[in-house]
Amino acid sequence: MADYDLTSRIAPHLDRHLVFPLLEFLQERQLYPGDEILKAKIELLSETNMVDYAMDIHKSLYHTEELPQDMVDRRVEVVARLKSLEESAAPLITFLQNANLVQEIRSDKQYNLQMLNDRFQIGPAQIEALYQYAKFQFECGNYSGAADYLYQYRALCTNPDRSLSALWGKLAAEILMQNWDVALEELNHVKEIIDSKNFASPLNQLQNRIWLMHWSLFIFFNHENGRNGIIDLFFQDRYLNAIQTNAHHLLRYVATAVIVNKRRRNMLKELIKVIQQEQYCYKDPITEFLECLYVNYDFEGAQKKLRECEDLIMNDPFLGKRVEDANFSAVPLRDEFLENARLFIFETYCRIHQCIDIAMLSEKLNMGYDEAERWIVNLVRNAKLDAKIDSKSGTVVMGPNHLNVYEQIIENTKQLTVRTILLAKNVVDSSPAAQATR
């Protein structure tokens, strides 16, 4: 399954701290030799200030208590730098630790700067020191402290580029602390700025959108409403174009979200169209499963790909976790995927066959005969399908299943409404008035 691992494609679009959870997952799944993972961690840590963590990994990798002199020197340097930054930012940090004084901070940043300078002799140098101190705290792995200081810094910062950089840092910190609700708020805030900001070139804006989509995977596959969120974001024209331009591998995640989300089945048709367009640039068992089923009507191929999908999901850092549902019950995403994928196979098979042999269908669903029969009975009952099961002959007899003209109009109107809302939102976000308010 290492052939389907996307870590090497995803990592360049992440902050290096966000790569550590991916490596931890791969180490747990043992997709690669343990020493290779440890070496990758040390390489990542070389550009951070998490020197104690790097030392621990070095000892584990080389089975020795002796440390390279450069690591020892690096630790001394980090401690000295941290102390220096703390002293530079001390006046502003002292102010921020006083709850009564913090209440005086307003949305008017110019007022804040003037008030801090007149009453507390805190100027631009101390505000810049706060940013550097927060950034250094993040590099040291103190994500909680970094998030707090970056939040306060943005209330004082008047430089849009530096403010956006601080927002990216806070988003990363919230993800690493697994504060999914707060992280989702920050993600939406970053998106608003990216969509409304005048970048130096369209390429820069494209790159920011691609970064945002990669970072969003942590949130969308952990937040209880994430499966709707990823579909809403990735199917927006600007972001779908970004995927088709330079992030084809993200099709795996949006395809999975559509498959497991029964309420968003209306997006399946557009997804299939994109998968067909990009099949020469990217494919994996999940996209090939949909292509086999809905393009080629190859049920044997879909059955084979479904077995591969099961292994792929369990070995993907974002898909292989147990996710809490609305009832806070931990459910493997794999189980939901297989259940819905089998439903797709059954529905598609029923559209082109009037009489279905249960034994044959059980093979296509990769299930035992008795298990498949119970599954079909429950499906017919719950979905109120026009079908009859003949246990003696072991067949399912389907009745006609055509949408009447009214149902067709309703379904097409729903799709048109969704597209219209998205287009209207894009127009509003890109208008000069909307940009001026930001």
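Which of the residues that make up the stretch 63-89 are of a type in the set (S, T, N, Q), open to solvent by less than 60 Å² (accessible area, probe 1.4 Å) and assigned to a helix (DSSP H, G or I)?
Those that are of a type in the set (S, T, N, Q), open to solvent by less than 60 Å² (accessible area, probe 1.4 Å) and assigned to a helix (DSSP H, G or I): Ser84, Ser88.
Scanning the stretch 276-291 for residues that are open to solvent by 20 Å² or more (accessible area, probe 1.4 Å) and either among the β-branched types (Val, Ile, Thr) or in a helix (DSSP H, G or I) (or both) turns up Gln276, Gln277, Glu288, Glu291. What do you reckon, is Leu319 crowded, with 19+ Cβ neighbours inside 10 Å, in contact with a Leu (Cβ under 6 Å, 6 or more places away or on another chain) and either at pLDDT 90 or above or of a type outside the set (Gly, Ala, Ser) (or both)? For Leu319, the condition - crowded, with 19+ Cβ neighbours inside 10 Å, in contact with a Leu (Cβ under 6 Å, 6 or more places away or on another chain) and either at pLDDT 90 or above or of a type outside the set (Gly, Ala, Ser) (or both) - is met. You will find that of Ile286, Ile210, Ile193, the residue that is under 21 Å from the mean Cα position of the chain (by Cα) and over 26 Å from Pro160 (Cα atoms) is Ile286 and no other. How many residues are open to solvent by 50 Å² or more (accessible area, probe 1.4 Å) and either aromatic (Phe, Trp, Tyr) or in a helix (DSSP H, G or I) (or both) if we restrict to the stretch 173-220? Matching residues across the stretch 173-220 total 11. Taking the stretch 251-267, which residues are without any contact (Cβ under 8 Å) to a residue 40 or more places away in the chain and among the polar types (S, T, N, Q)? Across the stretch 251-267, the qualifying residue is only Asn261. Residues in the stretch 141-151 that are open to solvent by less than 40 Å² (accessible area, probe 1.4 Å) and touching a residue at least 24 places away in the same chain (Cβ under 8 Å): Gly141, Tyr143, Ala146, Ala147. Ser362 falls short on exactly one of the conditions (1) exposed (fewer than 12 other Cβ atoms within 10 Å of the Cβ); (2) modelled with pLDDT of 75 or more; (3) of a type outside the set (Val, Ile, Thr), and that condition is (1).
Looking only at the stretch 99-120, decide whether some residue is closer than 30 Å to Met55 by Cα and either in contact with a His (Cβ under 7 Å, 6 or more places away or on another chain) or in a helix (DSSP H, G or I) (or both). Among the residues of the stretch 99-120, not one is closer than 30 Å to Met55 by Cα and either in contact with a His (Cβ under 7 Å, 6 or more places away or on another chain) or in a helix (DSSP H, G or I) (or both), which makes the answer no.
Is it true that Ser391 is closer than 30 Å to Pro160 by Cβ, at pLDDT below 80 and more than 27 Å from the chain's Cα centre (by Cα)?
No: the conditions fail for Ser391.
Here's a check for you: in the stretch 226-272, which residue that is of a type in the set (D, E, K, R) and over 24 Å from Asp195 (Cβ atoms) is least open to solvent (accessible area, probe 1.4 Å)?
Arg252
The values are calculated or read from the model by the stated rules, or taken from the named source; none is laboratory data. Since this is a predicted model, take the numbers as computed values, not measurements. Glycine gets a Cβ as well: all are built from the backbone with ideal geometry, and neighbour counts include every protein chain shown. Side chains are part of the model used for accessible areas, which takes the heavy atoms of the whole protein and leaves out ligands, DNA and RNA. Shrake-Rupley method; radii C 1.70, N 1.55, O 1.52, S 1.80 Å.
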